[in-house]
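Each remark here refers to the structure printed beneath this line.
The values are calculated or read from the model by the stated rules, or taken from the named source; none is laboratory data. Not measured: the values here are computed from a predicted model. Quick reminder, even Gly has a Cβ in these numbers, built from the backbone with ideal geometry, and neighbours come from all protein chains shown. What goes into the accessible areas is simple: the full protein's heavy atoms, side chains included, and nothing from ligands, DNA or RNA. Shrake-Rupley method; radii C 1.70, N 1.55, O 1.52, S 1.80 Å.
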Amino acid sequence: MPEGSAQQTYKVEETNHKMKRVEDQSRISKLPDSLLILILSLLPTKDAFTTSVLSKRWEHLWPSIDSFFFSCKDKSQRTNFISFVDYILDHSTCSKIKNFHLNFTHLSKYEQPVGFVDDIVDFTISRWVPTDEVKNKNKLLFPISRWLETVVEKNVENIILLSDSYENDSIDLPDTIYKCSSLITLDLTCCILDKEVVIEWKSLKTLRLNDITLDDDRIVNILSGCPALEILEFLEFSGFRHMEISSSNLKRLKFKNHLSYDNSDDLSLDIFAPHVQHLEISGYMYDLRCRLVNVSSLVSAKLTFQMNWTWFDQGPDEHQVIKTLIEDYLQKLRNATELTFGTCFIEVLTQFDKMSLPELKCKCLTLDWHITEPYFYGAAIMLRASPHVETLNITMETTSLDLEQCPFELGYLAKEHNIHFLSSFEFPNLKNVKVVNASKICLKEHLEWDNDDLFKLSEFLLKNTKVLEKFVIISRRKNCSICSMDCAFQYSSRLATKLVCCPRSSTSSMIICKEGAFCD
């Protein structure tokens, strides 16, 4: 192409881009203020504020937003950040705040009742500092409390306080927040709840407490002050030993990751929640034993926690205690229709051949465990106790046998196990099976297996399931960072290929292999 023609083509394309931008701006400008304000309310507040430079019209839009999203990411800019949030809230004209989200990493020190050398003038020398400078520095004190008081005055509905700090710097909440009756959702991280203050969160429906130490008295205070609460979650929790929920409104209860530095002699948590319908206990529980005293209304439960007994040298007596605990769990969960069990459950079923298992009424069963022979044996035992299952989901982890496990456990895991005890068992209701491999572990070595236990279990399911409709195998990950191959999908594809040749009780069943992060 001649040089002149190329330049002319470039100019035409540049002109078209400019015209398109002008056309897009014109379309946006035609939108009513109410819609533009709604759009701005969905943006990080810094971005919403930046639109004020676009035109005179935009200059007056951002003060009307009803949702605020602030994050102090840069430690060196925290004084500027405090000034910015002060300015935004001082100029806010909305009558009611819908959302207030604050990441207060790097800000917790400003909530202390003393001066600081680096950013704030020390009160002991303030008399030698000009008055205006002292006033300006003192404005940096207690910013989070000040902001919370402001949003409470405007009947805030949803508050999220988040901290990414590893310094365990917790902040005290202002007294006004305990009486905020407009709150619907409250998500707190690294905050201190004053047990002397009466909580009055009359409209609160969702409460999430992360990295907050609570005792039994604080738990009672929380539950009595939240009569409308529907969802209660504890993340990185410690301190309390008794959870009694009498409200019929609270339907979802979650515990994730018990803090290991809880040095209490009584490492048990009794859960009395007769009206809760959905329960989750996940993450690392360390030595904490959650006991289900009354969960008679459960519809679904997810128990994927790990405990210290899988790591350290615990004797047979300790394992017997865990066995009794797992048996009690299964008894209490026997009427739930949706269950998810993790490796902890499968290991216990593997170690104790003669466990007393009730018949589970579960219709949707999810098993989350490792690709090793013993765990498939435990999974088979769980399947035998679940004759009503219609949907079976198998979520695969792929870690090798933990050499730090105690001798008692390693002895059981080293035994040869056989699932042929299920040979006469049928799954009269099982319609859908889904095997999902989302692990980041390299599966290259698993491609060489001639005796694949996942294949054995899958083969057995095909042979003994008369109403099976779909057997879906999904690989969530593509290229492996270790072997640089698509080993996860190759493993899934190899499994699907072998299963296609297996006999099936259901002549209409389909075997499907998928790849992709969002496959379902």
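The table that follows gives values for the structure above.
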quantity	calculated
Test result for residue 73, free of Cβ contacts under 8 Å to residues at least 40 places away in the same chain and outside any helix (DSSP H, G or I)	yes
Some residue of the range 58-72 being of a type outside the set (A, V, I, L, M, F, W, C), modelled with pLDDT of 85 or more and exposed (fewer than 12 other Cβ atoms within 10 Å of the Cβ)	no
Tally, over the range 149-166, of residues that are open to solvent by 40 Å² or more (accessible area, probe 1.4 Å) and under 15 Å from residue 226 (Cα atoms)	1
Hits in the range 461-490 - residues which are in contact with a helix residue (DSSP H, G or I) (Cβ under 9 Å, 6 or more places away or on another chain), within 22 Å of residue 501 (Cα to Cα) and either open to solvent by 90 Å² or more (accessible area, probe 1.4 Å) or part of a loop (DSSP other than H, G, I, E, B) (or both)	464, 468
Residues being in contact with a Leu (Cβ under 6 Å, 6 or more places away or on another chain) and surrounded by fewer than 19 Cβ atoms within 10 Å (Cβ to Cβ) - total across the range 278-288	1
Test: residue 276 is more than 30 Å from residue 179 (Cβ to Cβ), among the hydrophobic types (A, V, I, L, M, F, W, C) and modelled with pLDDT of 95 or more	no
Pair list, Cβ under 9 Å, 6 or more apart: the range 154-179 residue within 18 Å of residue 199 (Cα to Cα) and among the charged types (D, E, K, R), other residue modelled with pLDDT under 90 and crowded, with 16+ Cβ neighbours inside 10 Å	172/111
Any hit, the range 265-280, residues being within 21 Å of the chain's Cα centre (by Cα), among the acidic types (Asp, Glu) and part of a loop (DSSP other than H, G, I, E, B)	no
All positions within the range 297-313 that are buried (at least 19 other Cβ atoms within 10 Å of the Cβ), assigned to a loop (DSSP other than H, G, I, E, B) and modelled with pLDDT under 95	304, 305
Residue that is farthest from the chain's Cα centre (by Cα) [pool: residues in the range 320-370 that are modelled with pLDDT of 80 or more and among the hydroxyl-bearing types (Ser, Thr, Tyr)]	324
Residues of the range 371-397 that turn out to be touching a strand residue (DSSP E or B) at 6+ places or on another chain (Cβ under 9 Å) and modelled with pLDDT of 85 or more, as a count	10
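Per-residue answers, yes or no, for (1) modelled with pLDDT under 95; (2) under 27 Å from residue 161 (Cα atoms); (3) polar (S, T, N, Q):
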residue	(1), (2), (3)
229	no, yes, no
251	no, yes, no
265	yes, no, no
282	yes, yes, yes
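Conditions tested, residue by residue: (1) at pLDDT below 90; (2) open to solvent by less than 40 Å² (accessible area, probe 1.4 Å).
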{"position": "103", "(1), (2)": "no, yes"}
{"position": "109", "(1), (2)": "yes, no"}
{"position": "119", "(1), (2)": "yes, yes"}
{"position": "122", "(1), (2)": "yes, no"}
{"position": "138", "(1), (2)": "yes, no"}
{"position": "168", "(1), (2)": "yes, no"}
{"position": "172", "(1), (2)": "yes, no"}
{"position": "178", "(1), (2)": "no, yes"}
{"position": "200", "(1), (2)": "no, no"}
